[in-house]
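One structure is given below, encoded as structure tokens.
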Amino acid sequence: MRLAQYVKFREEKFGGVLFETRGEKVYTLNPTAAAVLREIQSGSSEAEIRDRFKDRYAADDGGTIEREVAALIADLRSKGLVED
């Protein structure tokens, strides 16, 4: 998985920003979403990202973290911001 060709990611104090340069759209990200984007930029698969976040936030009860990461990635895909 990787960022789409016309998408740029920049980390900020509040989290991060995604720029979709072709359509000139800007998306602000909270710190958790920015952490997911860092993982995507490093070439991690969706399953690897879910597993890392599950391990990082061991207080997870009932798969909440996995569902939220999957929902974020699905949203990014639906907007054309990431590709497989």
Query raised in the report: Using the alpha-carbon atoms, what tilt in degrees (0 to 90, nearest 10) does helix 64-78 show relative to the longest principal axis of the chain?
Result: 20
Query raised in the report: How large is the accessible surface per residue of the chain, computed with a 1.4 Å probe and reported in Å² as a whole number?
Result: 62
Query raised in the report: So how much slack lies between Arg77 and Asp51, counting 0.36 nm per residue of separation and subtracting their Cα-Cα distance, in nm?
Result: 7.4 nm
Requested in this report: Taking the Cβ of Glu11 as the centre, find all other residues whose Cβ is under 15 Å away and add up their charges (Lys, Arg: +1; Asp, Glu: -1).
Outcome: +2
Report summary line: Bounding extents of segment 1-49 in its principal axis frame from Cα atoms, largest first in Å, are 30, 25, 12
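Using alpha carbons only, what's the Rg to Rh ratio of the chain with Rh from Kirkwood?
Numbers: Rg = 12.6 Å, Rh = 13.0 Å.
Reported Rg/Rh (Cα atoms, Kirkwood Rh): 0.97.
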Requested in this report: With an 8 Å cut-off on Cα pairs and a minimum separation of 6 or more residues, tell me the relative contact order of the chain in percent.
Outcome: 31
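The values are calculated or read from the model by the stated rules, or taken from the named source; none is laboratory data. Since this is a predicted model, take the numbers as computed values, not measurements. Cβ atoms come from the backbone with ideal geometry, glycine included; neighbour counts cover every protein chain shown. These area figures cover heavy atoms from the full protein model, side chains too; ligands, DNA and RNA do not enter into them. Shrake-Rupley method; radii C 1.70, N 1.55, O 1.52, S 1.80 Å.
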